[in-house]
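Data block below; observations after.
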């Protein structure tokens, strides 16, 4: 069993926030190494500020990840360390637009963030396909449908590309 130290910080007034036990389950499902992580759920102003400060993009995005120890230290019994920041209004808006359950979308973005912390990315088509497949498999194990299959009327996407905002 993979060891996880998880801190959950709720800095949003949204009534649709996931519970700590759900976040822990989603994080553990995507982990491949011991980890010390924080998941912080924020409102739009904080997400926008963080996105602008750390990525130079002046808008609130659905998920941000911050890695504090990028290497996996299984042999040394050290843990991956990082933060995942989820923006409640963006997550909830995307769920509505894509006709998804809000908690399913939170699960997807949490898994997505955990994979980023472990070095997975979606900058190139091959990497995107690999990351997308890992997300789909992880979410299926958790009992969630493929997050990339939603009604075409809501948002078209290119094969192998993310419907997530960069």
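None of the figures in this text is laboratory data; all of them are computed from the coordinates on show. Being a predicted model, the structure only gives us computed values, none of them experimental. Positions of Cβ are backbone-derived with ideal geometry, glycine not excepted, and every protein chain shown enters the neighbour counts.
Fully extending the segment from residue 68 to residue 49, taken as 0.36 nm per residue of separation minus the present Cα-Cα distance, adds 4.9 nm.
Applying 1/(1 + (r/R0)^6) with R0 = 22 Å to the Cβ-Cβ distance of residue 129 and residue 22 gives a FRET efficiency near 0.20. Counting beta carbons within 10 Å around each of 81, 5 and listing the fewest first gives the order 5, 81.
Taking only the Cα atoms of segment 1-134, the radius of gyration and Dmax are 14.5, 44 Å.
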